[in-house]
1. Could you figure out which of (1) part of a helix (DSSP H, G or I); (2) more than 24 Å from A:Ser95 (Cβ to Cβ); (3) at pLDDT below 95; (4) aliphatic (A, V, I, L, M) isn't true of B:Ile30?
2. Out of curiosity, is A:Val21 under 23 Å from A:Ile116 (Cβ atoms) and within 11 Å of chain B (Cβ to nearest Cβ)?
3. Would you please list the contacts, defined by Cβ atoms under 7 Å and residues six or more apart or on different chains, that run from a residue in region A:109-128 that is within 14 Å of chain B (Cβ to nearest Cβ) and at pLDDT 95 or above to a residue that is open to solvent by 20 Å² or more (accessible area, probe 1.4 Å) and assigned to a strand (DSSP E or B)?
4. Test each condition in (1) without any contact (Cβ under 8 Å) to a residue 24 or more places away in the chain; (2) touching a strand residue (DSSP E or B) at 6+ places or on another chain (Cβ under 9 Å); (3) within 21 Å of A:Arg122 (Cα to Cα) for A:Val16 and report the one that comes out false.
5. Given the criterion within 20 Å of B:Glu119 (Cα to Cα) and in contact with a Phe, Trp or Tyr (Cβ under 8 Å, 6 or more places away or on another chain), identify the matching residue among B:Asp51, B:Asp26, B:Asp104.
6. Kindly indicate which of B:Val22, B:Val58 is open to solvent by 50 Å² or more (accessible area, probe 1.4 Å), aliphatic (A, V, I, L, M), outside any helix (DSSP H, G or I) and within 12 Å of chain A (Cβ to nearest Cβ).
7. State all residues of region A:20-76 that are of a type in the set (Ser, Thr, Tyr) and touching a residue at least 24 places away in the same chain (Cβ under 8 Å); if no residue qualifies, say none.
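The values are calculated or read from the model by the stated rules, or taken from the named source; none is laboratory data. Everything numeric in this text was worked out from a predicted model, so none of it was measured. Heads up, the Cβs are rebuilt from the backbone with ideal geometry, glycines too, and the neighbour counts pull from every protein chain shown. For accessibility, only protein heavy atoms count, side chains too; no ligands or nucleic acids. Shrake-Rupley method; radii C 1.70, N 1.55, O 1.52, S 1.80 Å.
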Amino acid sequence: MESRAIRLESEHDIVVARGEVRAMAVALGFGLIDQTRLATVASELARNIIKYAGRGRVIAQAAEHADGRTGMRLIFEDSGGGIPNIEAAMRDGFSTGRGLGQGLPGSRRLAHEFQIESSPARGTRVTVVRWR
Amino acid sequence: MNGAQRIPILKVGRVLVVPVQVDMDDQTVIGLQERILSELERTGARGVLIDISLLEMVDSFIGRMLSDIAAMARVMDARTVVVGIQPAVAITLVELGLELRGVDTVLNVDEGIKLLRDEFGADDDERDEEEAELQGEWHSFGEPRHQA
């Protein structure tokens with residue numbers, strides 16, 4: 001199955017990203033609620049990139065579990081300054097910007113797998129997977 | 001993009017009816033918030049009814065906009081109801097951890113108008129007019145949309 005990269009360079013790309021992620025979720029056979037979860041994760045994490053790193057990209061791809069289940073993997077990458085305190089950023093209500101602080105912890109709850117790597121030198125990569 | 005201008009704000013009796021029918025980018029959301037507040041001031045409306053039955057996703061940004069509108073409208077002596085949240089959107093909102101603080105939510109436009117009307121009291125001069133217009137033009141926005 002395909003893998004697509006969606007560039008995130010302006011606020012409008014957040015809308016594009018969540019639309020494309022939803023379309024791919026439909027193509028992968030996800031039901032309506034999961035489509036909505038994936039589109040919402042895409043919106044939250046794409047906005048984080050625009051807001052904190054300025055630009056980056058999201059890669060959307062089909063995923064396959066060892067037990068045969070299929071799903072969707074979203075990889076959000078930027079080369080911004082990284083997240084200084086990941087542990088704090090993962091807490092509900094924590095925000096260094098004007099956000100509600102729901103982006104990261106909320107996205108983790110909407111996904112089955114959630115991984116975050118961040119450093120000042122390399123930027124931030126958030127990988128989420130939702131299985132069908 | 002000049003998206004905010006495409007979302008209509010209709011004055012129906014003493015209520016501003018806002019049917020959101022497109023996926024909004026952040027600037028559109030901010031623009032809509034500002035327009036609703038200036039329309040409240042201009043018209044002296046007592047209620048704001050935001051119909052999001054066609055919205056397929058509400059993220060934390062849109063959720064915050066809805067809470068903020070409710071809080072600001074309250075300061076301007078108006079009450080806000082959000083109608084028609086799709087079940088999938090409601091589930092996702094809760095999982096995301098959003099409470100839509102201060103926002104009343106009801107299932108459809110009819111319920112929303114009833115709730116706002118109860119707030120204003122029964123002696124609303126424009127009641128009959130409201131009823132007619134809502135039944136005619138806006139009833140369909142209250143129907144939930146389903147998608148395969």
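1. Condition not satisfied by B:Ile30: (2).
2. Here the answer is yes, as A:Val21 does meet what is asked.
3. As it stands, the answer is A:Ala111/A:Arg130; A:His112/A:Arg130; A:Val128/A:Glu113; A:Val128/A:Phe114, since those pairs meet every condition given.
4. (3)
5. Numbers: B:Asp26 fails: within 20 Å of B:Glu119 (Cα to Cα); B:Asp104 fails: in contact with a Phe, Trp or Tyr (Cβ under 8 Å, 6 or more places away or on another chain).
Step by step, each of B:Asp51, B:Asp26, B:Asp104 is checked, and only B:Asp51 is within 20 Å of B:Glu119 (Cα to Cα) and in contact with a Phe, Trp or Tyr (Cβ under 8 Å, 6 or more places away or on another chain).
6. On the way: B:Val58 fails: open to solvent by 50 Å² or more (accessible area, probe 1.4 Å).
Exactly one of B:Val22, B:Val58 is open to solvent by 50 Å² or more (accessible area, probe 1.4 Å), aliphatic (A, V, I, L, M), outside any helix (DSSP H, G or I) and within 12 Å of chain A (Cβ to nearest Cβ), namely B:Val22.
7. Selection gives A:Thr40, A:Ser43, A:Tyr52, A:Thr70.
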